[in-house]
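Only one structure is covered here, and it is reproduced in the block below.
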Amino acid sequence: MTLDFTLAGNHHSVRGTEKISFRPDRPITEVVFRLTANTRPTVQEGNKIVVTSASADHGAGKYRFTAANADPGTQGGLLHIPFGRTIPAGTTVTATTAFEVTLGQNSFDRFGRAGGFAYFASAQPLLAWQRGFGWHMENLINFPAESATSEAMNVDLAVTAPARDVIIASGDPADPAKTSGTRRWTSHLDAARDVSVAAGPFAISDTTVNGVKLRLGAPDAQTRNQLVPEFHRAIVELTKRFGPFPFPSLSVARLPAEGGGIEYPGSILMLDSSRLVVVHETAHQWFYAMVGDSQALHPWLDEAFAQYAENLVNNDQPQDNALTAPGPVDASTESYGQAVQRYYFITYNKGAAALLAARAAAGPGNWDRAVRCYADANAWRIAVPADFAQAIKDLPAGIAVLRTAGALK
Ligand SMILES: [Zn+2]
């Protein structure tokens, strides 16, 4: 995938182009992309994406949109490029899109601008293909959580931004020479499902921990100096539990907005400075970025694991009553409708409580080895709950706990 973004001088919008080549493992009649920026609450915060062109090879026809619960004032939630015929499995298909994303003010989301800073992630149309599954055409959801399913791809990223801005993005782009006008930042990732980009007058720190290059930018030096050791701690502690850090670099942008953190491959948007959020978002580098999952259909496979990692690293107890809360841990994001608090409580808190209880029941040594094997065996693919069940198949006490919690069948 080649992604090329140009951020407007006033930070109000981003123009982009995307070129994707992939080889579907079953026959296809169209190419489908997900337009995350058209999610209703995201649009209400002043963001949206407009696709200005889309095409594919093999004689593809004119592109069209379906609503998929997107904000009604937008083109829709799914972009389709139809073929006039069935394209056989194993054919290399190349699709190109051009688009413009509007950035809202101070949104608690993956798009926005705040003060002199701008940020955007999942900004490009997201290829909705999963090997062994097909197209993910689930509706966009009603709250600003993740609902995409993306395969890891080889990514070349370029960002053109006002010369005054520093860019913090997936793949750790190096600083271009100082010029007036604009500067172009480029990076490469061997395997990434998505990217995030942040721009602004960051106070930067470049350090290395466990061989991982950490670039961290914050609006001021004090916040930066507070966060750097927290990320060092998170990388060291999580590596001990889950295996080597999945990327050569981690790029962290602390933005002057509040709302938590948002994980991307090799990058994190921080809208918070707490130790809990640092560990949670860093854990997503293993669970989401490396071991992928459908964030629409089985969101507990990344969120419960990130929350569980927080509990382990910080030696915290699971939240009271979480394990006995009604409702299965393995439920789709869309199934929660508007009930965002319930989505968080069941997916994150009940899911983490179930993993901790399963670990205690199975014996922590055996359990931790099985979790590392799961991460290794499912690296750079999209795991489903049955893959985790397979990894812990010799730990029946752990399986029983996860079945009772509705995480496994
Ligand atoms: Zn999370």
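The values are calculated or read from the model by the stated rules, or taken from the named source; none is laboratory data. On a predicted model such as this, the values are computed, not experimentally measured, just so you know. Positions of Cβ are backbone-derived with ideal geometry, glycine not excepted, and every protein chain shown enters the neighbour counts.
Would you point out the residue of the range 320-345, among those that are without any contact (Cβ under 8 Å) to a residue 24 or more places away in the chain and closer than 10 Å to A405 by Cα, that is surrounded by the most Cβ atoms within 10 Å (Cβ to Cβ)?
Ranking the qualifying residues of the range 320-345, first place goes to T324.
For (1) more than 30 Å from Q338 (Cβ to Cβ); (2) free of Cβ contacts under 8 Å to residues at least 24 places away in the same chain, each residue gets a yes or a no:
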position	(1), (2)
D4	yes, no
A8	yes, yes
H11	yes, no
R15	yes, no
P24	yes, no
P27	yes, no
V31	yes, no
T36	no, no
R40	no, no
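Quick grid of which residues meet (1) outside any helix (DSSP H, G or I); (2) free of Cβ contacts under 8 Å to residues at least 40 places away in the same chain; (3) within 23 Å of A123 (Cβ to Cβ):
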| residue | (1), (2), (3) |
| --- | --- |
| A174 | yes, yes, yes |
| K178 | yes, yes, no |
| D194 | yes, no, yes |
| A198 | yes, no, yes |
| T207 | yes, yes, no |
| R224 | no, yes, no |
| E230 | no, no, no |
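If the requirement is being over 27 Å from A192 (Cβ atoms) and surrounded by 15 or more Cβ atoms within 10 Å (Cβ to Cβ), which of these qualifies: G363, G351, G398?
G398
Any idea which of (1) away from the ligand (no atom under 16 Å from the Cβ); (2) of a type outside the set (D, E); (3) crowded, with 22+ Cβ neighbours inside 10 Å; (4) outside any loop (DSSP other than H, G, I, E, B) is the one F245 doesn't satisfy?
Result: F245 passes all but (4).
So if I check each of A60, A54, A68, A89, which one is at pLDDT 95 or above, in contact with a Leu (Cβ under 7 Å, 6 or more places away or on another chain), assigned to a loop (DSSP other than H, G, I, E, B) and not polar (S, T, N, Q)?
After applying the criteria, what remains is A68.
Can you confirm whether the range 115-126 contains a residue that is buried (at least 20 other Cβ atoms within 10 Å of the Cβ), at pLDDT below 95, within 26 Å of G292 (Cα to Cα) and in contact with a Ser or Thr (Cβ under 8 Å, 6 or more places away or on another chain)?
Step one: filter the range 115-126 for residues buried (at least 20 other Cβ atoms within 10 Å of the Cβ), giving 117-126.
Applying the additional criterion that residues be at pLDDT below 95 yields none.
No: the range 115-126 contains no residue that is buried (at least 20 other Cβ atoms within 10 Å of the Cβ), at pLDDT below 95, within 26 Å of G292 (Cα to Cα) and in contact with a Ser or Thr (Cβ under 8 Å, 6 or more places away or on another chain).
Check R381, R403, R372 and return the single one that is in contact with an Asp or Glu (Cβ under 9 Å, 6 or more places away or on another chain), modelled with pLDDT of 95 or more and not small (G, A, S).
R381
How many of the residues in the range 296-312 are surrounded by fewer than 24 Cβ atoms within 10 Å (Cβ to Cβ) and either without any contact (Cβ under 8 Å) to a residue 40 or more places away in the chain or assigned to a loop (DSSP other than H, G, I, E, B) (or both)?
2
Run down S273, S332 and say which single residue is part of a loop (DSSP other than H, G, I, E, B), at pLDDT below 95, away from the ligand (no atom under 15 Å from the Cβ) and hydroxyl-bearing (S, T, Y).
S273
Kindly provide the set of residues from the range 26-45 that are in a helix (DSSP H, G or I) and either crowded, with 20+ Cβ neighbours inside 10 Å or charged (D, E, K, R) (or both), ordered by number. Walk me through it before giving the result.
In the first step, residues of the range 26-45 are kept if they are in a helix (DSSP H, G or I); the result is 36-38, 40-44.
Result: T36, A37, N38, R40, T42, V43.
I'd like the full set of residues that are buried (at least 16 other Cβ atoms within 10 Å of the Cβ) and of a type in the set (D, E), limited to the range 190-220.
D194
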